[in-house]
């Protein structure tokens with residue numbers, strides 16, 4: 001699947017995670033004025049890539065990416081790499097911190113929900129293979145929903161994907177994401193809104209939040225299979241993160257998906273027919289912070305522990 005059309009023509013400073021021999025990167029560099037840095041663990045591949053791009057740093061991505069803390073990239077490539085990492089959530093958060101405000105990350109990720117895998121599971125087999133979706137070296141497996149969650153957990157908004165007939169049709173997803181537009185302040189709360197159709201209600205809810213919320217926050221909307229234009233509208237909202245489920249999972253599962261991705265100290269759950277009043281979140285946080293009871297702290301610790309267990 002060709003990744004080149006996803007790379008912005010304006011990209012001038014590019015990072016490639018697990019660049020291999022940098023064949024794709026070399027093609028782009030041959031026709032564009034840009035600097036490309038690659039991270040690669042395979043020594044033989046590094047020797048080839050050094051002749052294809054500007055710089056190659058050898059070693060595990062989890063460590064080599066930390067040498068680039070002062071760099072900023074307008075494009076990061078993660079081609080068939082996240083499934084090979086023990087902790088892709090930690091790595092993608094580091095990538096998010098390395099992006100310029102209008103930078104993008106482009107990833108290709110195999111789809112464990114592909115029909116061929118489903119057919120094998122139906123006869124009780126899950127055979128690891130030398131290559132492909134069930135590659136021996138894969139640590140993690142993703143569906144499209146889990147890809148959304150991976151990116152949302154790093155405050156990255158997916159703005160484009162490759163075309164596919166259904167979620168079981170695509171062998172591999174290519175996604176392009178960019179940092180969500182937000183204030184410079186670190187979010188104090190994550191607002192989670194599950195939706196299913198009723199786009200007019202969602203628009204009014206978002207409008208009231210935007211007009212009446214001074215406290216720094218992040219909004220995650222979990223769509224349970226809307227068919228009324230909600231999904232297309234969500235993609236256009238630069239300040240809103242979104243997860244697009246294949247169908248209606250129900251209220252509680254949708255909320256849990258949002259909680260999994262939340263990183264702010266507090267979480268607020270809203271229905272999409274809610275209209276908030278001026279300073280509503282500031283006032284709620286004041287009451288929350290005034291409650292220092294052991295029970296409140298224990299509940300928050302249990303929530304964090306549950307998220308940690310779910311990731312491993």
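The values are calculated or read from the model by the stated rules, or taken from the named source; none is laboratory data. Only a predicted model underlies this, so the values are computations on that prediction, with no experimental measurement involved. Please note: Cβ atoms are built from the backbone with ideal geometry, for glycine as well, and neighbour counts cover all protein chains shown.
Figures for the structure shown
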| item | result |
| --- | --- |
| Matching residues, the stretch 49-67, being crowded, with 17+ Cβ neighbours inside 10 Å and in a helix (DSSP H, G or I) | 49, 61, 64, 65 |
| Criterion (farther than 25 Å from residue 283 by Cα and over 16 Å from the mean Cα position of the chain (by Cα)) met by exactly one of 156, 196, 234 | 196 |
| Flag for residue 125 being assigned by TED's automatic domain parsing to the domain that holds residue 79, more than 28 Å from residue 236 (Cα to Cα), touching a strand residue (DSSP E or B) at 6+ places or on another chain (Cβ under 7 Å) and in a loop (DSSP other than H, G, I, E, B) | no |
| Of residues in the stretch 238-256 being over 21 Å from residue 168 (Cβ atoms) and touching a helix residue (DSSP H, G or I) at 6+ places or on another chain (Cβ under 7 Å), the one surrounded by the most Cβ atoms within 10 Å (Cβ to Cβ) | 241 |
| Enumeration of residues in the stretch 178-199 that are touching a residue at least 60 places away in the same chain (Cβ under 8 Å) and within 21 Å of residue 225 (Cα to Cα) | 191, 192, 193, 194, 195, 198 |
| Condition broken by residue 150, with the remaining ones in (1) surrounded by fewer than 21 Cβ atoms within 10 Å (Cβ to Cβ); (2) touching a residue at least 24 places away in the same chain (Cβ under 8 Å); (3) under 16 Å from the mean Cα position of the chain (by Cα) satisfied | (1) |
| Residues located in the stretch 274-296, provided they are touching a strand residue (DSSP E or B) at 6+ places or on another chain (Cβ under 7 Å) and modelled with pLDDT of 90 or more | 281 |
| Qualifying positions in the stretch 133-150 - in a loop (DSSP other than H, G, I, E, B) and either modelled with pLDDT under 95 or more than 18 Å from residue 168 (Cβ to Cβ) (or both) | 136, 137, 138, 139, 140 |
| Scan of the stretch 190-237 for residues that are modelled with pLDDT under 95, assigned to a loop (DSSP other than H, G, I, E, B) and under 20 Å from residue 178 (Cα atoms), ordered by number | 216 |
| Residues that are loosely packed, with under 13 Cβ neighbours inside 10 Å and either within 17 Å of residue 273 (Cα to Cα) or outside the structural domain of residue 197 (by TED's automatic domain parsing) (or both), drawn from the stretch 211-228 | 211 |
| Any hit, the stretch 61-69, residues being touching a residue at least 60 places away in the same chain (Cβ under 8 Å) and more than 13 Å from residue 18 (Cα to Cα) | no |
| Total residues in the stretch 151-178, condition modelled with pLDDT under 95 and either in a helix (DSSP H, G or I) or not assigned by TED's automatic domain parsing to the domain that holds residue 96 (or both) | 0 |
